[in-house]
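Student: Okay, here's the structure, questions in a sec.
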Amino acid sequence: MLALLLRELGDVGELGRRADAGDEEAASALAWLLRELGDVGALRRRAEAGDGSAARVLAGLLAERGDVDGAVMVLRRRADAGDGEAARLLAGLLRECGDVDGAVAVLRRRADAGDPRAARELASLLGERGDVDELRRRADAGDEEAGPALARLLGERGDVDELRRRADARDRTAARELAGLLRKRGDVGELGRRADAGDWSAVWELAGLLRERGDVEELRRRAEAGDGSAARVLAGLLAERGDVDGAVAVLRRRADGWDGSAARELAGLLRERGDVDGAVAVLRRRADVGDREAARQLAGLLRERGDVDELRRRADAGDWGAVRELAGLLRERGDVDGAVAVLRRRADAGDGTAAQELAGLLRECGDVDGAVGVLRRRADAGDREAASALVGLLRELGDVDELRRRADAGDLKADSALVGLLRELGDVDELRRRADAGDEAAAFALVGLLLGRGDVDELRRRADAGYWEAASALVGLLRERGDIDGVALALGRHADAGDWGAARELAGLLQERGDVDALRRRADAGDGFATYALARLLRERRDVDGAVAVLRRRADIGDATAARELTGLLRERGDVDGAIAVLARRADAGDGEAARELAGLQRERGDV
């Protein structure tokens, strides 16, 4: 969150410091901010220094500008250094450019080095181009991604023989593809043989095929032989034809044999035809042997028919579904105390879900202290969900003291809630203490309050002490008041401290004011933003030679942005040779975009 906020504020300096300290989120935010600013030079410098986020963003920017070769080069350096994400991006880029062999080679290296995502993408790519041979080699070598991809490809090709061999070798994906093919072909015989041998894909596909054919007799024969899929499919077919009694009989035989799925389907069928007692009996039998889904359905059915006694017996035996449904039923009947008692017994036994339900019920009934007490006990026992619910409730109650205690004990959610509450209360003193102790959330909230009060003095003190959020707010407040000199002074201090965002904003401000002297001083001190702004200002004043001289100094030390602007300026004034010279130096340094522009300019001039 902090990195995103810094990006929104354009604080390149703070993001750079955090990225250099190893903050990956800050590195990513910085890279995207530099892209938004169009600062290819900074992106390239960070990429060359080993910043993976900068490299990936730079590659994307270059590709968008048409410099695919440059993007490939950037990504390949990272991929060769072991960056898996860069390797996968490189493979995608090569694939988009039609170099499927190159993409496969990149992914193969990563997959062979143990990268599971690369292995998955490689298998997918090999499948798309129909490379049965490599998929087979990789699958036979134990590549878990290649096996399923090979099976799917064989299925698409209708290669029953190889699928059969692989299925017989216990390749489950191959077995599934084979069964699907056999079903499409209507091969009841082989599906039956495979089903009888224990192939569950064949069992399911055979039952579906027999249903499509309406073959009740074969479904019945298989059901009576113990095929559960055939039994359930047969029951569904009989029910559709109006033979509900026949469907019930089929499912009951399976349910009596402890088939949980058949039992639940039987209960649903009995309930549909009005035999609720029969449905309850079936579900009870399953629930009593540990079938959780049956227990859940049973509890709902018991609530529907208002069976408090059985719900209570099941709740007392530890059935959570029965607890929930019993509490709901008692509450519907107006017995709130009874519902509270049911939930409290479970909560006291350590059930976190029951505790939260109990807290919600107490709160609805007006017993807020009781709700807090329930959640506090669970939170103190390490229940994160209860701790989160407790913080929300304390925030609503405005309980600063308990939120402070929990925040000081390390509860980050309590800290966030406390800071929000202090800001609402306008408590500058406590926010200041927390901010000075290193609480970043408090620092943000404090700045918001100071900004709302228009407290320039404290904002300036905090900015001078290095609080970047105060500096940003101070600049905004001074702008609103029209104190441009104050804005320039504040920006200058932070720019001099290495804040790129402040340097960029200051350069723009000085350009607006037409302050050539201040821009030149900053440019001479190495400020790139001041250089670009000074060149634009000189150009506006028709001092093209001055602008060229300013940009050339930056370009000569490797500033890609200055080189690009210098090239454009030279071309505008007709100095094509000068433009070519600048582009050639950048191209020789590995700038693919410059190389592409150089080639185009040479073609225009007839050099090629």
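The values are calculated or read from the model by the stated rules, or taken from the named source; none is laboratory data. Keep in mind the model is a prediction, meaning the values are calculated, not measured. Heads up, the Cβs are rebuilt from the backbone with ideal geometry, glycines too, and the neighbour counts pull from every protein chain shown. Just the protein is used for accessible areas: all its heavy atoms, side chains included, with ligands, DNA and RNA removed. Shrake-Rupley method; radii C 1.70, N 1.55, O 1.52, S 1.80 Å.
Student: Apply the Karplus curve 6.51 cos²θ - 1.76 cosθ + 1.60, θ = phi - 60°, to the phi angles in region 225-239 and return the couplings in whole Hz, x for Gly and Pro.
Tutor: In residue order, the calculated couplings are 8, x, 7, x, 4, 4, 5, 5, 5, 4, 4, x, 5, 5, 4 Hz.
Student: Scattering from the C-alpha atoms of region 1-149 alone, worked out with Debye: what is log10 I(q)/I(0) at q = 0.17 1/Å?
Tutor: -0.90
Student: Give me the Å³ per residue figure for the convex hull around the C-alpha atoms of region 356-497.
Tutor: Cα convex hull per residue, to the nearest whole number: 113 Å³.
Student: For the chain, what is the accessible area per residue in Å², given a 1.4 Å probe and the full set of protein chains?
Tutor: 49
Student: At A197 and R513, where each label point lies 7 Å from the Cα along Cα→Cβ, what is the point-to-point distance in nanometres?
Tutor: Each label point is offset 7 Å from its Cα along the Cβ direction, giving 8.7 nm.
Student: Please list K184, K413 in order of solvent-accessible area, largest first, computed with a 1.4 Å probe with all protein chains present. List each step's numbers first, then the result.
Tutor: Details: K184 175, K413 120 Å².
Final ranking, largest accessible area leading: K184, K413.
Student: With a sphere of radius 11 Å drawn around the Cβ of R521, what net charge do the other residues whose Cβ falls strictly inside it have (Lys, Arg +1; Asp, Glu -1)?
Tutor: My count for the surroundings of R521 gives -2.
Student: Obtain the nm distance between the two label points defined at D275 and I557 by a simple spin-label model: each point lies 7 Å from its Cα along the Cα-to-C-beta direction.
Tutor: Going from the D275 label point to the I557 one covers 9.1 nm.
Student: Efficiency by 1/(1 + (r/R0)^6): what FRET value for R433 and D464, r their Cβ-Cβ distance, R0 = 22 Å, to the nearest 0.05?
Tutor: Between R433 and D464 the formula returns 0.70.
Student: Magnitude of the Cβ-charge dipole of region 81-221, K/R +1 and D/E -1, about the Cα centre, nearest 20 debye?
Tutor: Using Cβ point charges on Lys, Arg, Asp and Glu, region 81-221 gives about 360 debye.
Student: Check which residues have an amide H placed less than 5 Å from D227's amide H, if you skip close sequence neighbours.
Tutor: none
Student: Separate question: In the neighborhood of L534, defined by Cβ-to-Cβ distances under 14 Å, what is the net charge if each Lys or Arg adds +1 and each Asp or Glu adds -1?
Tutor: +1
Student: Just to confirm a number: summing +1 for Lys and Arg and -1 for Asp and Glu over residues other than R395 whose beta-carbon lies under 15 angstrom from that of R395, what do you get? The partial results should precede the final answer.
Tutor: Working: positive: R363, R376, R404, R405, R406, K413, R423; negative: E396, D399, D401, E402, D411, D415, E424, D427.
With Lys, Arg at +1 and Asp, Glu at -1, the net is -1.
Student: Quick one: pull the percent of accessible area on region 200-336 belonging to carbon and sulfur, 1.4 Å probe, ligands and nucleic acids left out.
Tutor: 44
Student: Determine the dipole magnitude for region 1-130: charges of +1 sit on the beta-carbon of Lys and Arg, -1 on that of Asp and Glu, nothing else is charged, the reference point is the Cα centre, and the result goes in debye to the nearest 20.
Tutor: Values: 20 positive and 24 negative charges, 63 e Å.
Using only the charged Cβ atoms, the result is roughly 300 debye.
Student: D101 versus E540, label points 7 Å from Cα toward the beta carbon: distance in nm?
Tutor: With each label placed 7 Å out from Cα toward Cβ, I get 5.5 nm.
Student: A follow-up question, please. On full extension of the chain, what length is gained from A341 through D288, given 0.36 nm per residue of separation minus the C-alpha to C-alpha distance?
Tutor: Using 0.36 nm per residue and subtracting the Cα-Cα distance, I get 16.6 nm.
Student: Next up: Would you kindly find the accessible area of I557, with a 1.4 Å probe and non-protein molecules such as ligands, DNA and RNA excluded, rounding to the nearest 10 Å²?
Tutor: 130
Student: Shifting gears a bit: Using Cα-Cα distances under 8 Å and only pairs 6 or more residues apart, what relative contact order does the chain have, in percent?
Tutor: 6
Student: Would you be so kind as to identify which of L234, A503, A79 lies farthest towards the positive end of the dipole of the chain, taking Lys and Arg as +1 and Asp and Glu as -1 on Cβ and the Cα centre as origin?
Tutor: Final value for the positive-end residue is L234.
Student: More than 46 angstrom separation, counting every C-alpha pair in the chain; what % is that?
Tutor: 51
Student: Quick one: putting +1 on the C-beta of Lys and Arg, -1 on the C-beta of Asp and Glu, what dipole do you get for the chain around its Cα centre, in Debye to the nearest 20? Each step should come with its number before you reach the end.
Tutor: Working: 106 positive and 125 negative charges, 186 e Å.
In debye, rounded to 20, the chain gives about 900.
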